[in-house]
Amino acid sequence: MKEYYPGIPKVKYEGPQSDNPFAYKFYNPEEIVAGKKMKDQLRFSAAYWHTICAAGADMFGVATADKTFGKTDPMELAEAKAHAFFEIIDKLGIDYFAFHDRDIAPEGSNLAETNKNLDKIVDLFETLMKEYKKNLLWGTANMFNNPRYMHGAGTSCNPDAFAYAAAQAKKAIEVTVRLNGSGYTFWGGREGYETLLNTNMGLELDNMARLLHLATDYGRSIGFKGAFYIEPKPKEPTKHQYDFDASTVIGFLRKYGLNMKLNLEANHGTLAGHTFQHELRVARTEGYFGSVDANIGDLLLGWDTDQFPNDVYDSTFAMYEILKAGGFTTGGLNFDAKARRASFQPDDIFISHIMGMDTMALGLRMADKLIRDGRIDQFVEDRYAGYKSGIGKKIVDGTVTIQELEKYALEMGDVKTNKSGRQEYLEGVVNQILFG
Ligand code: XUL
Ligand code: CO
């Protein structure tokens, strides 16, 4: 079999003292952390679109990396990419992957031809997945790249675009079922608006829900047992995306009675003005935690830079929320991340994943330590202890009237029982856990 990345070994755990760039320093797949093997806690996934498609092109310049493998025919190129991709994830010891329909196979001259191209590559995926023992974390449909979606897909003003999107989602769900995906994601790339001057927001939102109902009902009818996810993002490419953030999406799902979970991406959270931990906390508090697109954004740039996660504070708080949510079931940590444009060498694909995986592994180790240490959780517990007895318990139980509360306040005269929030003490505890 042709080797696409000769000279790159199978990446193994060598520990924090290793200076081998092709070894894990903190990710030890078989080691038990927080009651499970690290590989089962972290459920790493590689994103097909970045790992084997993105070649460094940006708004200001062309590709810097060569991911063509000497192929010019689109179907031959698609096949070469599939082989190369599975070699990459095998060498990295990544068990899962995610893809858009259009990442893996080129469009034909009409939808029927496009579907045929897709089926052909999916056949190859089936073989490669068996051969390499890899699993599909989630599939999705790219309903934002082609000009037909210039006004949106489910939210387009044009019902022809809505119909095309429905057909595309139907096919992508079928393919996901065929590849035994544990999830299917909707990211509304152009489900938003550029100006309210030309937008019927009410109809667009209703239609988006209609598309999601049609697609998810269809998925269940053909036996899809996995999770349907929505991936929030506040802007980019559109000025305003309807799937703004976790809270907005949860409100939308509840309004329209949609049974879906969230796929939360760190960089999308910060674009919305939140920490990633905030987004995860909202999802877990509301019972919508599903999966994660692991990356990080550059806060000074303010756009979706999709960098590999490198910040251990950030990964610690993310893994803390994930452990508190009970860990992953259908979901995982999908690296929706790409090496920087100047990191263009083929081995950078490996080095960037290794760094990102070690960052998330460190986060898991630190989050587990934080939970076992117990001081943070205990502090929060104590801070709200007033609601366990007396007037506090009556408030929580809903057994108090507003008149009773008034009487209580009048007798009290003023609030004299406040205690310090101790933010700096808690921040010190985190530092001690991380570096002590
Ligand atoms: C775009 C993004 C997408 C989704 C899948 O910002 O995150 O790649 O993850 O469509
Ligand atoms: Co994403």
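Worth a mention:
- Unique match (being away from ligand 1 (no atom under 16 Å from the Cβ), under 23 Å from Phe228 (Cα atoms), of a type outside the set (A, V, I, L, M, F, W, C) and over 22 Å from the mean Cα position of the chain (by Cα)) among Asn110, Asn115: Asn115
- In the stretch 286-304, the residues that are touching a residue at least 24 places away in the same chain (Cβ under 8 Å) reach residues that are within 12 Å of ligand 2 (Cβ to nearest atom) and among the aromatic types (Phe, Trp, Tyr) with C-beta atoms within less than 6 angstrom, at least six apart or across chains, in these pairs: Gly290/Tyr229; Ser291/Tyr229; Ala294/Phe335.
- Taken over the stretch 281-300, residues that are part of a loop (DSSP other than H, G, I, E, B) and either more than 16 Å from ligand 1 (Cβ to nearest atom) or among the aromatic types (Phe, Trp, Tyr) (or both) amount to 4.
- Count - residues of the stretch 182-236 that are within 16 Å of ligand 2 (Cβ to nearest atom) and either under 19 Å from His151 (Cβ atoms) or without any contact (Cβ under 8 Å) to a residue 12 or more places away in the chain (or both): 10
- Taking first residues from the stretch 330-352 that are over 23 Å from Leu280 (Cβ atoms) and assigned to a loop (DSSP other than H, G, I, E, B) and partners that are more than 16 Å from ligand 1 (Cβ to nearest atom) and charged (D, E, K, R), the Cβ contacts under 7 Å between residues at least 6 apart in sequence or on separate chains come to Ala339/Asp348.
- Options Met319, Met355, Met366; residue that is touching a residue at least 12 places away in the same chain (Cβ under 8 Å) and either under 17 Å from the mean Cα position of the chain (by Cα) or not in a helix (DSSP H, G or I) (or both): Met319
- Phe60 meets each of the listed conditions (1) touching a strand residue (DSSP E or B) at 6+ places or on another chain (Cβ under 7 Å); (2) surrounded by fewer than 19 Cβ atoms within 10 Å (Cβ to Cβ) apart from (1).
- Selection within the stretch 210-244 - touching a Phe, Trp or Tyr at 6+ places or on another chain (Cβ under 8 Å), aromatic (Phe, Trp, Tyr) and more than 15 Å from Thr176 (Cβ to Cβ): Tyr242
- Going through (1) away from ligand 2 (no atom under 16 Å from the Cβ); (2) in contact with a helix residue (DSSP H, G or I) (Cβ under 9 Å, 6 or more places away or on another chain); (3) of a type in the set (Phe, Trp, Tyr) one by one, Phe344 falls short only on (2).
- For the stretch 14-27, the criterion of being of a type in the set (S, T, N, Q), buried (at least 19 other Cβ atoms within 10 Å of the Cβ) and closer than 23 Å to Phe308 by Cβ is met by no residue.
- Exactly one residue out of Lys2, Lys37, Lys10 is closer than 17 Å to Ile354 by Cβ and either of a type in the set (A, V, I, L, M, F, W, C) or surrounded by fewer than 21 Cβ atoms within 10 Å (Cβ to Cβ) (or both), and it is Lys10.
- Index of the failed condition, Asp103 passing every other in (1) over 19 Å from Lys2 (Cβ atoms); (2) acidic (Asp, Glu); (3) in contact with a Lys or Arg (Cβ under 8 Å, 6 or more places away or on another chain): (3)
- The C-beta contact set for the stretch 123-146 (first residue surrounded by fewer than 22 Cβ atoms within 10 Å (Cβ to Cβ), second residue assigned to a strand (DSSP E or B), distance under 6 angstrom, 6+ apart or interchain) comprises Asn135/Tyr96; Asn142/His100.
- Taking the conditions (1) outside any helix (DSSP H, G or I); (2) more than 12 Å from ligand 2 (Cβ to nearest atom); (3) surrounded by fewer than 23 Cβ atoms within 10 Å (Cβ to Cβ); (4) not β-branched (Val, Ile, Thr) in turn, Pro309 satisfies each one other than (3).
- If you go through the stretch 207-262 and keep only what is of a type in the set (D, E, K, R) and either within 14 Å of ligand 1 (Cβ to nearest atom) or part of a helix (DSSP H, G or I) (or both), you end up with Arg210, Asp217, Arg220, Glu231, Lys233, Lys235, Glu236, Asp243, Asp245, Arg254, Lys255.
- Pairs with Cβ under 8 Å, 6+ apart, first in the stretch 241-259 and buried (at least 22 other Cβ atoms within 10 Å of the Cβ), second of a type in the set (Val, Ile, Thr) and at pLDDT 95 or above: Tyr242/Thr155; Tyr242/Thr248; Asp243/Ile230; Asp243/Val249; Asp245/Val282; Ala246/Val282; Val249/Ile230
- Of everything listed in (1) part of a loop (DSSP other than H, G, I, E, B); (2) away from ligand 1 (no atom under 11 Å from the Cβ); (3) surrounded by fewer than 24 Cβ atoms within 10 Å (Cβ to Cβ), the single unmet condition for Trp303 is (2).
The values are calculated or read from the model by the stated rules, or taken from the named source; none is laboratory data. What you see is a predicted model, and the numbers here were worked out from it, not measured in a lab. Quick reminder, even Gly has a Cβ in these numbers, built from the backbone with ideal geometry, and neighbours come from all protein chains shown.
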